[in-house]
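See below for the structure under consideration.
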Amino acid sequence: MINFLEKIGKQVKAWISVSVESVQLLLTTLYWIFVGPWKGKGINGKTVFTQMVFMGYHSIIIVFFVMFFTGIVLAMQSAPQLEKMGGVFYVAGLVTVSVCRELGPVLTALVVAGRIGAAIAAEIGSMQVNEQLEALDTMAISPIRYLVVPKFLALVIMLPCLTVIGDGAGLFGGYVIGTQSLRINSGLYIQTAAKFLTLKDIYTGLSKSFVFAIIIVMVGSYQGFKTKGGAVGVGKATTVGVVVSFILIIIADCILTGIYFFSDF
């Protein structure tokens, strides 16, 4: 029993340590973003733009198709139940609100976490095991300012943009099924969707995407900096980074949904 409690204590202590170090990494990143330029340590705009292209532009296709087929599935699954109540045209409102509030931000973040989060952890982890980060320190270059800040800014900008594209793709998928398979009049479908969609639905989803972007970059960067053990360690750090990002995105989504649900925001 004592050994069991010791294991629990060690695990809790490790989680607390990881949480503190992650917060310190976030605060240091924000320091270099807001304070660094005033001390002559400006942000390299070209590097940020390169990261934006890699994270945003190159993710458009996969985000579009994931959300497009999600909208199709959501419309097909909800139609039979709504049809029993004589309100099959409400599929438009259900798909619109579900995609904009919940499915769009979450699924887009999960897709990006699998692609971008893994890339961040692998890149920084490879530099860590090859002692390139120590070389940066030797040259008085902060690894966080040089590696994390551009990725942070790029994803905070691009993930909301990808979320908007994903929302549009999901709504289009629902529209295709609604008008072609369920025989809902096109004008009625659009009118119903617009009736149920509110401004809160839009900014709720977009605000979530900002939080998800921070989670993806911070988790991937943290795992990269903590990488040990050569190529095997890089693979392990990448896997752990993606899994932890998925879990934290779901938890953050639950918390934010609760905040919006029980508040007047």
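The values are calculated or read from the model by the stated rules, or taken from the named source; none is laboratory data. Small disclaimer: the values here were computed from a predicted structure and weren't measured. With ideal geometry, Cβ positions are generated from the backbone for all residues, glycine too; neighbour counts draw on all protein chains shown.
Here Ala135, Ala121 are screened, and the one residue that is modelled with pLDDT of 90 or more and of a type in the set (Gly, Ala, Ser) is Ala121. For Thr163, the conditions (1) crowded, with 18+ Cβ neighbours inside 10 Å; (2) farther than 22 Å from Phe246 by Cβ; (3) not small (Gly, Ala, Ser) are fulfilled apart from (2).
In this entry, Thr47 passes the filter for residues that are surrounded by fewer than 21 Cβ atoms within 10 Å (Cβ to Cβ), more than 28 Å from Leu256 (Cα to Cα), more than 19 Å from the chain's Cα centre (by Cα) and among the hydroxyl-bearing types (Ser, Thr, Tyr). Screening Val88 against (1) closer than 30 Å to Leu153 by Cβ; (2) in contact with a helix residue (DSSP H, G or I) (Cβ under 7 Å, 6 or more places away or on another chain) leaves a single unmet condition, (1). There is at least one residue in segment 52-71 that is touching a Leu at 6+ places or on another chain (Cβ under 9 Å), of a type in the set (Gly, Ala, Ser), touching a residue at least 24 places away in the same chain (Cβ under 8 Å) and over 19 Å from Asp201 (Cβ atoms). Just for segment 125-150: of the residues that are assigned to a loop (DSSP other than H, G, I, E, B) and of a type in the set (Gly, Ala, Ser), which one is surrounded by the most Cβ atoms within 10 Å (Cβ to Cβ)? The qualifying residue surrounded by the most Cβ atoms within 10 Å (Cβ to Cβ) is Ser142. The number of residues in segment 240-264 being out of contact with any helix residue (DSSP H, G or I) (no Cβ under 7 Å at 6 or more places or on another chain) and modelled with pLDDT under 90 comes to 7. The residues of segment 1-58 that are modelled with pLDDT under 90, over 14 Å from Tyr222 (Cα atoms) and polar (S, T, N, Q), listed by number, are Asn3, Gln11, Asn44, Thr47.
Yes/no matrix, rows are residues, columns are (1) more than 18 Å from the chain's Cα centre (by Cα); (2) within 30 Å of Gln180 (Cα to Cα):
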position: Ala92; (1), (2): yes, yes
position: Val99; (1), (2): no, yes
position: Val106; (1), (2): no, yes
position: Ala113; (1), (2): no, no
position: Phe152; (1), (2): no, no
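Can you give me the number of residues within segment 65-81 that are among the aromatic types (Phe, Trp, Tyr) and within 14 Å of Ile184 (Cβ to Cβ)? Residues in segment 65-81 being among the aromatic types (Phe, Trp, Tyr) and within 14 Å of Ile184 (Cβ to Cβ): 0 in total. Between Asp201, Asp253, the distinction of being buried (at least 17 other Cβ atoms within 10 Å of the Cβ) and in contact with an Asp or Glu (Cβ under 9 Å, 6 or more places away or on another chain) belongs to Asp253 only.
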